[in-house]
1. Yes or no: region 120-131 includes at least one residue that is in a loop (DSSP other than H, G, I, E, B), touching a strand residue (DSSP E or B) at 6+ places or on another chain (Cβ under 8 Å) and open to solvent by 30 Å² or more (accessible area, probe 1.4 Å).
2. For the condition free of Cβ contacts under 8 Å to residues at least 40 places away in the same chain and within 23 Å of A88 (Cβ to Cβ), what is the one hit in E166, E108?
3. Does region 142-156 include one or more residues that are in a helix (DSSP H, G or I) and closer than 14 Å to A97 by Cα?
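The values are calculated or read from the model by the stated rules, or taken from the named source; none is laboratory data. From a predicted model like this one, the values you see are computed outputs, not experimental measurements. Here the Cβ positions follow ideal geometry from the backbone for every residue, glycine too, while neighbour counts run over all protein chains shown. Side chains included, ligands, DNA and RNA excluded: accessible areas come from the protein's heavy atoms. Shrake-Rupley method; radii C 1.70, N 1.55, O 1.52, S 1.80 Å.
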Amino acid sequence: MLTKLVYDKDIATLTLDNPKKLNALSSDFVEEIYERITSLKKETKVLIITSGSPKAFAAGVNVQEIHDNTYESAYLNDFINRKWEAVANVKIPVIAAVSGYALGGGFELALMCDIIVASKSAVFGFPEVNLGIMPGMGGTQFLTRTVGTKIASELLMTGRFVGAEEALSLGLINYLAENDSEMMLKAQNMAVEISKKSIMSTRI
């Protein structure tokens, strides 16, 4: 299993747990995330997504899998399909708790969430430009909506990484925690607070 799903009453925590590959998002990994999310208990009011490794939330898409696909095969085989956007389509509030690298597809995954809490170790970026490709899971739109056209253009065109403190100043994240423990505590406390609100008011 590449993920762990734990419930605490009406709050679910999905942990990405493939540390050897820094949670790089392969098709199998995304399939498992999709299955976890689409099978959440009906009483779940808030979902937290985090990583089991302090080194990476998710360090992009599995590059080898990209290299193994031509444009034609990727298109015909529907390589990037709706399952990659499962988080964006969740009807309940989603909080990302990010430590370590959130790059490429990992950054997109975080941006799909409604709220981002990060530790000081968090690093965000879209290095796709260095590989001659572009974010393929809606990252251009998610980033532009979050920080505006000018900042988004810079980050997408240069591929430079953004540390946690700069991410906070740009409005990429909601809260900056000193360490991973504080990050998870903040995410959990926020989830509890949101879970007490009207379901009709918090459904996305």
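1. Yes: region 120-131 contains one or more residues that are in a loop (DSSP other than H, G, I, E, B), touching a strand residue (DSSP E or B) at 6+ places or on another chain (Cβ under 8 Å) and open to solvent by 30 Å² or more (accessible area, probe 1.4 Å).
2. It is E108.
3. no
Quick grid of which residues meet (1) more than 30 Å from E166 (Cβ to Cβ); (2) at pLDDT below 95; (3) not polar (S, T, N, Q):
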{"site": "A56", "(1), (2), (3)": "no, no, yes"}
{"site": "Q64", "(1), (2), (3)": "yes, yes, no"}
{"site": "A74", "(1), (2), (3)": "yes, yes, yes"}
{"site": "W84", "(1), (2), (3)": "no, yes, yes"}
{"site": "V90", "(1), (2), (3)": "no, yes, yes"}
{"site": "L111", "(1), (2), (3)": "no, no, yes"}
{"site": "V123", "(1), (2), (3)": "no, no, yes"}
{"site": "N130", "(1), (2), (3)": "no, yes, no"}
